[in-house]
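Here's the structure we're looking at; comments come further down.
The values are calculated or read from the model by the stated rules, or taken from the named source; none is laboratory data. This one's a predicted model, so the numbers in the text were calculated from it and none came from an experiment. Glycine gets a Cβ as well: all are built from the backbone with ideal geometry, and neighbour counts include every protein chain shown.
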Ligand code: FE2
């Protein structure tokens, strides 16, 4: 530990290599924040609980605060053409700008992260009013993505509260993991970054044998921190006969960035039936997947007919099983999508499903002419 650290940061680090309470808000930078917020509300059941924009004294942007139980999204759009949000959207299309982490002391966390080599993006700012108090400091991550370290008491003071009596929950309640796509050869550098800066540990390692189809491949490692509440898989493309889906992402997002967010539900069948009925499509899983899965997972008590009807993937590890499904792309470019996941004990990421999943993704990739 660098001796230049303040006593406050030293005390912070003494308790835990990097105390974290969980995922904070995930901020999306989009071309039309109003409609994106309305879409997350209508299609996924988020409540719009706060707003900040010209009407509330924030001149340069419109921002909506959305909540689905413990999941918090911020959706922001620029009011001006020469604005950093407008520039970001021009390069990347709509996407995730900020993957926030909740910490007990944002000033100390920022100081520690920078001391361990993280590049600062914005020094700590304090926002305080009668609704709450927030301290936010931000460091740079992969591509144009940043991580805000957020300390929050009460409600987020940046937003004027709104009551949402219209939204109907789809049962999504927490962020399970957030996945980064990085360039070929960079995965290990980012694993090392999260280890060094946040003392995250390497949870899983999938090499290109595990995650390859006849045509394409990728490699993936998962780092975890905050006693397991933060899980960040990091993918890089691997060589196959055709273009890796990770490379397709990098070509269209232009830089590394967030590929998917996995949102938890306690009842995936009910959640996905609801989400499908609202118009969200998930990737098709071919019939051939199911007899093999049923055989592999014969000790699991689930209704396979319903599982197949909703194209749900099932996997098992030493601790239990999990159900998961993946949306099609959530914008025009083949970049960001969602996963919905129900964990019944399992702590893994559906390794047994990767092949079936990637073949499904490749069918979509081929339709776009990018395979
Ligand atoms: Fe995932």
Q: Pairs only if they're at least six apart or on different chains, beta carbon under 8 angstrom, first in segment 310-327 and within 18 Å of residue 288 (Cα to Cα) and outside any strand (DSSP E or B), second at pLDDT 95 or above and more than 14 Å from the ligand (Cβ to nearest atom); list them, first residue then second.
A: 310/269; 310/272; 310/273; 310/276; 312/269; 312/272
Q) Within the group 298, 271, which residue is more than 17 Å from the chain's Cα centre (by Cα), under 22 Å from residue 336 (Cα atoms) and assigned by TED's automatic domain parsing to the domain that holds residue 349? A) 271
Q) Which of the residues belonging to segment 331-345 are more than 16 Å from residue 280 (Cα to Cα) and away from the ligand (no atom under 16 Å from the Cβ)? A) 333, 344, 345
Q. Given 96, 26, 30, 91, which one is touching a helix residue (DSSP H, G or I) at 6+ places or on another chain (Cβ under 7 Å) and within 27 Å of residue 256 (Cβ to Cβ)?
A. 30
**Q.** Identity of the residue in segment 354-369, in contact with a helix residue (DSSP H, G or I) (Cβ under 8 Å, 6 or more places away or on another chain) and within 13 Å of the ligand (Cβ to nearest atom), that ends up modelled with the lowest pLDDT
**A.** 358
